[in-house]
Every structure is written in structure tokens, then in C-alpha cells.
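Take a look at the structure set out below.
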């Protein structure tokens with residue numbers, strides 16, 4: 001029995017009830033929510049809403065939609081926490097992935113910089129070795145002085161021996 005297999009496409013198994021969404025867009029949305037929930041402005045606004053909620057439900061008898069144990073308020077907080085926590089975790093995971101990618105790029109830059117530094121060190125050592133045999137200005141001056149001294153000594157000898165030969 002032969003099975004027909006198309007290897008150009010991966011097999012699909014029930015992919016979450018056929019719900020498809022853009023993971024990048026959802027990730028950006030979760031990061032926006034995490035940035036909003038993590039601000040002082042949000043905490044102040046939430047505190048104001050809670051204080052008003054409790055005040056209205058305790059003081060205004062005719063407007064009590066959520067009496068004392070504040071079950072509706074607790075339900076709202078539970079719902080908010082149930083959605084906020086996974087969104088914040090998703091945003092943290094995306095940030096961790098970005099940090100990992102940045103660390104890899106930094107590591108590559110460090111390796112390239114280290115390789116360039118080692119290459120330049122080797123080149124500098126080669127230049128120093130090559131320059132050990134190069135004559136400096138002091139070397140040339142000493143050589144010229146020695147040649148001049150030899151020439152002067154030779155002239156003196158030549159004139160001294162020539163005047164001695166004429167005298168004899």
C-alpha cells in the first residue's frame with residue numbers, strides 16, 4: 001500500500017479551530033497593552049475609578065449596583081488580571097527575543113573587532129620587524145662621520161708621506 005505524500009507543504013493538524021491571526025500584530029498589541037498597564041498614569045486612573053466605585057456603592061443608596069462585598073468590582077479585577085498577565089508575559093517574551101538577537105549582534109561585532117585588533121597587532125609587529133633593518137638618520141650620520149674620518153686620515157697620510165718623500 002502506497003501513501004501519497006506531498007513534501008512541499010507541511011501536514012496540517014487541527015490548527016486551533018481554524019482561527020488564523022497575525023502573530024506580529026498581536027505581539028505589538030500585547031506590548032502596547034503592557035506599556036499602558038505599566039505606567040503611573042494607568043495606576044492613578046485605576047485608583048480613581050476604584051475609589052469612585054466604592055464611594056458610590058457605599059454612600060449613594062439609590063445607585064448601588066454593586067453592594068458591599070463588591071463582587072462586580074472583584075470580577076472586573078479578575079478579568080483584567082486574567083487578560084493582563086498573559087499579555088504582559090507575551091510582551092516580555094518578545095522583548096527577551098529582541099534582547100537575545102541584540103546580544104548575538106553584539107557578540108558578532110565583538111568577534112569582528114577582536115579579529116581586526118589581532119590582525120592590526122600582527123601587522124604592527126611585522127612593520128616593527130621590517131624596520132629593524134632600516135637605517136636611521138643617526139646611523140647614516142655615524143657612517144658619514146666614519147667615512148669622512150677615513151678620508152681625512154687618508155689625505156693626511158698621503159700628504160704626510162708625499163712631503164716626506166720630497167724631503168728625502
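Just so you know, all these numbers are worked out from the coordinates, no wet-lab data involved. Computed from a prediction, not measured in an experiment: that's the story for all the values here.
Relative to the dominant Cα principal axis of the chain, helix 40-59 is inclined by about 20°. Its Cα gyration tensor gives the chain an equivalent ellipsoid; the semi-axes, largest first and in whole Å, are 95, 32, 8.
Over the chain, Cα pairs under 8 Å with separation of 6+ residues give a relative contact order of 21 percent. Could you work out how far helix 71-131 tilts from the main Cα principal axis of the chain, as a 0 to 90 degree angle to the nearest 10? For helix 71-131, the angle is close to 10 degrees. Against the main long axis of the alpha-carbon atoms of the chain, helix 137-167 sits at an angle near 0°.
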